[in-house]
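**Q** Mind having a look at this structure? Questions to follow.
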Amino acid sequence: MEPTSNPIYSQHVAVIGAGAAGLITARELLREGHTVVVFEREKEVGGLWIYSPKTESDPLSLDPNRSIVHSSVYDSLRTNIPRESMGVRDFPFLPRFDDESRDPRRYPNHREVLAYLQDFAREFKIEEMIRFETEVVRVEPVDGKWSVQSKKSGDSSNDEIFDAVVVCSGHYTEPNVAHIPGIKSWPGKQIHSHNYRVPGPFENEVVVVIGNFASGADISRDIAQVAKEVHIASRASESDTYKKLPVPHNNLWIHSEIDTAHEDWSIVFKNGKVVYADSIVYCTGYKYHFPFLETNGYLTIDENRIEHLYKHVFPPALAPGLSFIGLPAMGIQFVMFEIQSKWVAAVLAGRVKLPSQDKMIEDINSWYASLHALGLPKRYTHKLGKIQSEYLNWIAEECGCPLVEHWRNQQIVRGYERLVSQPETYRDEWDDNDLMEEAYEEFGRNKLISKNGFSSFQG
Ligand code: FAD
C-alpha cells in the first residue's frame, strides 16, 4: 500500500459490509490515515460473490420475516464485463495461470471474482479490520457523531460511537417484483432471480422470464437448456415483438410485455400471444433498502430514489458523517467504488471540501429536473447510463485521482453493444483486441503485472 499522506484529520470510521465496495473503501480510508472497523454479517469477504446454493424460504422474497440470503449469484454466472475493465485500477483483475483452480477467461465465472476479492483483501490486509458475523442493526446520528449498534451471532448487541459511517451494504438483495394484472389468480410457480440458482427445477416446463437485461438474458438461456419452452417478456421491446431466438434447443422466444395472467395458467402478452406457463421468473431488479438506518426523516426512499444524495454519495444534511458507496448502476462498479471512496476518505480527512448544504441541494434538484425534463420516472435517479464516465471523472477531479481510462470506457461501450447483438456469445467472441492490448500495455507500464505476483502471466 502507498504510504499514508499526512491527514488533516484522522477519523474513526465504521464501514458496513465487506463486499467489493466495503473492501475497497476500507483501503482508501486507511490510505488517507483514518482508523477503520468493517462490520460484516457473513463469515467471509466477497458479499454478492459468495455463491450459496441456499435460497430464501419465500421464492419471491416478499415475506418480511423470511431469513435473508444475501447473494443473488446463480451457478452458471460469468461476469458481464471483461476482467481488464472490472478490476480495481492499481490491482488489476489479471488471469492467474499459476493456479489451476482459477478461471483465466476474459469473462470469468463468479468463483474467480470471489478469489480476486480475497486476493485484494489479503494484499491490503483488510481482513484485520473486519468483524465477521456481526450485523449492524441500527445507525443513527448522536451529537455530531454516529452511534452504531451491532450484533454478533449469539451475543447481545453492542453500541459504539464513530466519527463517520460509510454504507457499503449492497443493493442486490431486496427484490423488486413486477406487478402483473390478474397474477393473484394465476396458479403457477413464481420466483425472483434473487432465488434462482440452477435450471434443474424447470425441466420440461413452459417458463416465462420477465426482463431481458443481464440476468434475464442469462437466466432465460440457462433454463432453455432443460425447459420445454422459455418466453422472455421484455419491457424494452415494441408492443408487437414476437421473435424466436437462436439457441441450441430452438425453444426460446422474445415477446413484448405481459398484459395479463389468468386462472387457467395462461399468460397473455401485449403482442396478443398466449402462453400456458408452469413458472414465471422475475428478473426485474432490486430495491434500495437500508433497514438499519435511523436518520429522523433526513433520508427517505421514494420509488427507489434515495431522496437527496449529493452525487449519489452524501446526504447534504448528514454529510460528511454519513456516505454511501456503490449506489449508481453502471458498468464499471469496482472502479466506481474506488473513485467514490477516495472522495469520501479525502472529505473526511478535510483534504477536500464539500459545497454548502444549499449548494448540494441545488445540485441534486437540478439532476432531478433534468430527469423530469426527459420524462424519466424517479426510479431512474441512480441509473447513470451514458454519463457514467462524466460522473466518475467529476469526482476523480474533485479528489485529485486519475480519470477513467479511454480503453476502459470503450470496453464498456463495445461490450454492451455485443451483449445486445450477440447475447449467447458476447463473453467468448469479441472484436476489441485493440482495447485489451491497450489495457495490458498500461498494466505493464505501471508495473502492475509483476507487482500483483502473477509472474506466469502470458497475455
Ligand atoms: P455486496 O457484494 O452485496 O456486499 C455487501 C456486503 O454487506 C455483504 O457482504 C453483506 O453481507 C454486508 N451487509 C449488508 N448489510 C449488512 C449489515 N446490516 N451488517 C453487516 N453487514 C452487512 N458487477 C461487475 O462489476 N461485474 C459483473 O459481472 C457483475 N455481475 C453481477 C451479477 C449479478 C447477478 C448482480 C446482482 C450484480 C452484478 N454486478 C457485477 C454488480 C455487483 O453488485 C458489484 O460488482 C459488487 O460486487 C457489489 O458490491 P457491494 O460491496 O456494493 O455489495
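**Q** Nearest 0.05, what FRET efficiency do Asp159 and Val69 give at R0 = 25 Å with Cβ-Cβ as r?
**A** Result of the calculation: an efficiency of 0.35.
**Q** Rounded to the nearest 500, what is the chain's calculated 222 nm mean residue ellipticity when only DSSP H runs of at least 4 contribute -39500 (n - 2.57) each, over all residues?
**A** Only helices count here, giving -8000 deg cm²/dmol.
**Q** Name the GluC sites (Glu not before Pro) in the stretch 32-114 that are in a loop by DSSP and that have at most 10 other C-beta atoms within 10 Å, would you?
**A** Hits after loop and neighbour filter: Glu100.
**Q** How high is the relative contact order of the chain, in percent, counting Cα pairs under 8 Å that sit 6 or more residues apart?
**A** 18 percent.
**Q** Tell me which aspartates and glutamates have Cα within less than 16 Å of Lys145's Cα, excluding those fewer than 8 residues away on the same chain?
**A** Here the aspartates and glutamates satisfying the reach criterion relative to Lys145 are Asp159, Glu160, Asp163, Glu294.
**Q** Could you calculate the FRET efficiency of Arg138 with Tyr368 from 1/(1 + (r/R0)^6), where r is the beta carbon distance between them and R0 is 25 Å, rounded to 0.05?
**A** Calculated transfer efficiency: 0.25.
**Q** Next question, about the same structure. Taking the Cβ of Asp240 as the center, what net charge do the other residues with Cβ under 12 Å away carry, scoring Lys and Arg +1 and Asp and Glu -1?
**A** Overall, the nearby charge balance is +1.
**Q** Report, in whole Å, the centroid distance computed from the Cα atoms of the stretch 138-162 and the stretch 104-123.
**A** One Cα centre to the other: 32 Å.
**Q** What does the highest-first list of 184-190, 75-81 look like by mean Cβ count within 10 Å?
**A** Per-residue mean Cβ counts within 10 Å order the peptides as 75-81, 184-190.
**Q** So how do Phe324, Phe97 rank on accessible area, 1.4 Å probe, biggest first, that is with the largest at the start?
**A** Greatest to least solvent exposure: Phe97, Phe324.
**Q** The stretch 248-284 to the stretch 37-74: how many Å between their Cα centroids?
**A** 29 Å
**Q** Put Glu398, Glu307 in order of accessible area, largest first, 1.4 Å probe: what do you get?
**A** Ranked list, largest accessible area first: Glu398, Glu307.
**Q** Pairs Lys43/Lys151; Lys43/Lys342; Lys228/Lys383; Lys152/Lys311; Lys189/Lys383: which exceed 24 Å Cα-Cα?
**A** In this structure, Lys43/Lys342; Lys228/Lys383; Lys152/Lys311; Lys189/Lys383 lie more than 24 Å apart at Cα.
**Q** While we're looking at this one, here's another question. Could you please state, rounded to a whole Å, how far the C-alpha centre of the stretch 316-352 is from the C-alpha centre of the stretch 363-403?
**A** 14 Å
The values are calculated or read from the model by the stated rules, or taken from the named source; none is laboratory data. In this text, all values refer to a predicted model and were calculated from it rather than measured experimentally. Note that each Cβ is placed from the backbone with ideal geometry, even for glycine, and that neighbours are counted across all protein chains shown. We work out accessible area using only protein heavy atoms, side chains counted, and drop any ligands, DNA or RNA first. Shrake-Rupley method; radii C 1.70, N 1.55, O 1.52, S 1.80 Å.
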